Amino acid sequence: MKGFWKFFDRLSDFMAALAGCILVVITAAVCYTIFMRFLFRQTSIWIIPLCEYSLLWIVFLGTTWLLREKGHITTDILYVHLSGRARKHLDFIMAVVGCLTCALLFGLGISHLYDCFINAVTDVRSLTVSKAAVFVIVPIGSCLLTLQFLRMAWGGWTDIKKTG
């Protein structure tokens, strides 16, 4: 199992790095279109849809890594006042809820992706893009998030069992 989680962590790291690269590309694209509009009064119409699709990809590429690193924003007004045992139980419950939610998102993503493939759905704007190519990242990212939440739930469960 350790080999699987080592691979999983490397995949998560790679996906987060890819999300960072995509962010750099869309930042450069927005700067380019601003520069072109300012100097030449012309802009590239493909930049807006590229940025929209890229933002979706960035979210699903980076969240598994962010969850593993505990980098999400938390509101801990009540959490800090709980005992250590209560925190462990709450962490376990939240990991289970997150796992179930992401598993549901995975199922919905697969269903939507299947629909896009079967019906050859395209997004026709300045670029004509297959919706399947845009939304393929949703089930991939949500599957990885489900696994990460499952990993956290299992770790929380074993911690609760050890300490009682």
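The values are calculated or read from the model by the stated rules, or taken from the named source; none is laboratory data. From a predicted model like this one, the values you see are computed outputs, not experimental measurements. Positions of Cβ are backbone-derived with ideal geometry, glycine not excepted, and every protein chain shown enters the neighbour counts.
Of all residue pairs spaced 6 or more apart or on separate chains, those with beta-carbon atoms under 8 Å, a first member in the range 110-136 that is surrounded by 14 or more Cβ atoms within 10 Å (Cβ to Cβ) and a second member that is outside any helix (DSSP H, G or I) and at pLDDT 95 or above are Leu113/Val136. Among residues of the range 53-86 being modelled with pLDDT under 95 and of a type in the set (Val, Ile, Thr), the one that is surrounded by the fewest Cβ atoms within 10 Å (Cβ to Cβ) is Ile73. When you check Thr146 against the structure, is it buried (at least 17 other Cβ atoms within 10 Å of the Cβ) and polar (S, T, N, Q), yes or no? The answer is yes for Thr146.
All conditions in (1) of a type outside the set (A, V, I, L, M, F, W, C); (2) touching a helix residue (DSSP H, G or I) at 6+ places or on another chain (Cβ under 7 Å); (3) exposed (fewer than 13 other Cβ atoms within 10 Å of the Cβ) hold for Thr158, with the sole exception of (2). The sole residue among Thr63, Thr43, Thr75 that is of a type in the set (Ser, Thr, Tyr) and in contact (Cβ under 8 Å) with a residue 24 or more places away in the chain is Thr63. Screening Thr163 against (1) exposed (fewer than 13 other Cβ atoms within 10 Å of the Cβ); (2) of a type in the set (Ser, Thr, Tyr); (3) farther than 21 Å from Asp9 by Cα; (4) without any contact (Cβ under 8 Å) to a residue 40 or more places away in the chain leaves a single unmet condition, (4). Can you find even one residue in the range 81-101 that is under 23 Å from Ile160 (Cα atoms), without any contact (Cβ under 8 Å) to a residue 24 or more places away in the chain, aromatic (Phe, Trp, Tyr) and out of contact with any His (no Cβ under 9 Å at 6 or more places or on another chain)? Scanning the range 81-101, I find no residue that is under 23 Å from Ile160 (Cα atoms), without any contact (Cβ under 8 Å) to a residue 24 or more places away in the chain, aromatic (Phe, Trp, Tyr) and out of contact with any His (no Cβ under 9 Å at 6 or more places or on another chain), so the answer is no.
Do you know which residues across the range 1-28 are among the aliphatic types (A, V, I, L, M) and modelled with pLDDT of 95 or more? Walk me through it before giving the result.
Pass one, the range 1-28, residues among the aliphatic types (A, V, I, L, M): 1, 11, 15-19, 22-26, 28.
Of everything in the range 1-28, those that are among the aliphatic types (A, V, I, L, M) and modelled with pLDDT of 95 or more turn out to be Leu11, Met15, Ala16, Ala17, Leu18, Ala19, Ile22, Leu23, Val24, Val25, Ile26, Ala28.
Here's the yes/no breakdown for (1) outside any helix (DSSP H, G or I); (2) hydrophobic (A, V, I, L, M, F, W, C); (3) out of contact with any helix residue (DSSP H, G or I) (no Cβ under 9 Å at 6 or more places or on another chain):
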| site | (1), (2), (3) |
| --- | --- |
| Leu11 | no, yes, no |
| Met15 | no, yes, no |
| Leu18 | no, yes, no |
| Val25 | no, yes, no |
| Tyr32 | no, no, no |
| Phe38 | no, yes, yes |
| Leu50 | no, yes, no |
| Ser54 | no, no, no |
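Any residue at all in the range 39-47 that's β-branched (Val, Ile, Thr), buried (at least 16 other Cβ atoms within 10 Å of the Cβ) and at pLDDT 95 or above? Spell out the reasoning first.
Narrowing the range 39-47 to residues β-branched (Val, Ile, Thr): 43, 45, 47.
Going one step further and asking which of them are buried (at least 16 other Cβ atoms within 10 Å of the Cβ), we end up with 47.
Filter once more, so that each one left must be at pLDDT 95 or above: none.
No, the conditions are met nowhere in the range 39-47.
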